[in-house]
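Novice: Below is the structure I would like to discuss, written out as structure tokens.
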Amino acid sequence: MGHAFPRQFYFFWLRLNDLRHSYASFLVNAGRSLYEVQKLLWHHDPKVTMRYAHLSPQGMREAVNVVGNLVGRRAVVANAPQAAATVAA
């Protein structure tokens with residue numbers, strides 16, 4: 001398996017890694033930045049942490065709206081459920 005520990009500990013390692021993944025997912029879904037997640041998980045390469053970026057679409061909407069607010073326009077992207085209700089009306 002290419003790991004430095006005996007084969008019987010592979011399942012234990014896999015479970016620990018699952019817990020780390022869940023921990024990171026919960027943090028991102030709670031609105032914590034990828035930088036914070038990277039530091040908490042001790043990822044040296046930010047690319048490793050980027051696998052969690054897809055979990056925070058609200059963060060992307062907020063980032064787009066910051067630019068819209070800076071140039072003096074209304075929010076550029078609304079929340080998906082609200083936007084769908086507006087189109088349906």
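Any read-out appearing in this document is the output of simple, stated calculations on the displayed coordinates, not a laboratory observation. Keep in mind that what you see is a predicted model, and the values were worked out from it rather than measured. So basically every Cβ, Gly included, is an ideal-geometry build from the backbone, and we count neighbours across all protein chains shown.
Novice: Give me the number: length gained by fully extending Ala30 to Asn69, i.e. 0.36 nm times residue separation minus the C-alpha to C-alpha distance, one decimal in nm. Walk me through the intermediate numbers first.
Specialist: Values: separation 39, 0.36 × 39 = 14.04 nm, distance 2.33 nm.
Answer, rounded to one decimal: 11.7 nm.
Novice: Could you derive backbone 3J(HN,Hα) for the stretch 16-26 from the dihedral phi with the Karplus parameters 6.51, -1.76 and 1.60 (θ = phi - 60°), listing whole Hz in sequence and x where the residue is Gly or Pro?
Specialist: Computed from phi, the couplings for the stretch 16-26 are 4, 5, 4, 5, 4, 5, 4, 4, 5, 4, 4 Hz.
Novice: Something else about it: Ordered by residue, what ³J(HN,Hα) values in Hz, to whole numbers, does the stretch 60-69 give under the Karplus form 6.51 cos²θ - 1.76 cosθ + 1.60, where θ = phi - 60° and Gly and Pro are x?
Specialist: Using θ = phi - 60°, the values come out as 5, 4, 5, 5, 5, 5, 4, 5, x, 5 Hz.
Novice: Obtain the nm distance between the two label points defined at Ser22 and Glu62 by a simple spin-label model: each point lies 7 Å from its Cα along the Cα-to-C-beta direction.
Specialist: 2.5
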